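Written out below as structure tokens is the structure these notes cover.
Bear in mind that the values in this text are calculations on the coordinates, not laboratory data. Nothing here was measured: the structure is a model prediction, and the numbers come from that model. Cβ coordinates were reconstructed from backbone atoms using ideal geometry, including for glycine residues, and neighbour counts include every protein chain displayed.
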Amino acid sequence: MRAVPANGVASPPPRADVPKAASRPLARRSCRTLDPSSMEVLFELLFEFLGELLLQVLAEVLFEVGLHSLVAPFKRRPNTYLATIGYVLFGALSGGLSLWVFPSLFIGSHTARIANAIITPIIAGGCMAALGAWRRTRDQELILLDRFAYGYLFALVMALVRLRFGG
């Protein structure tokens, strides 16, 4: 016979068809009940996104350093429309060159690739804006790539080229 608690309501007996972990309340379940393969997939996806982000930010920084060295002799205000076209072309060129070095994309899932093409340029544009702010505090010469919009545009085109032509 089962003991009746002080409040007079007995708990129902455990069901044989329900696994023990599933019968516990959600708040009492621990991380130990997660499948180790699901954690591996989560970490793999995280590292794939970070790899794509690192590749795009590295390409932008290298491109920016090159532009800073080239722009020094010509210190005049650039035409923003021509600069936009130039950053689109350079982003496409960087995407193509990155596919030459890394022919397969870091991210395997098509849905994750699309999410990467949306999220990574935003982060890369933020990194370029932060680099521009850092340069501004040191009274260094700024170029248009030091702004969020141009950094975002460069990274977006690079990500779209990698998404379209990557294997």
Where labels lie 7 Å past Cα in the beta-carbon direction, separation of residue 119 and residue 47 in nm: 1.7 nm
Over the stretch 35-165, what is the relative contact order in whole percent, taking alpha-carbon pairs under 8 Å and six or more residues apart? 38 percent
Residue 97 versus residue 110: modelled label distance in nm, points set 7 Å from Cα along the beta carbon direction: 3.1 nm
Can you sort 111, 84, 120 by how many other beta carbons sit within 10 Å, fewest first? 111, 84, 120
Give me Rg over Rh for the stretch 35-165, both radii from the alpha carbons and Rh done the Kirkwood way, two decimal places. 1.04
Can you sort 48, 60, 40 from fewest to most other Cβ atoms within 10 Å of each residue's own Cβ? 40, 48, 60
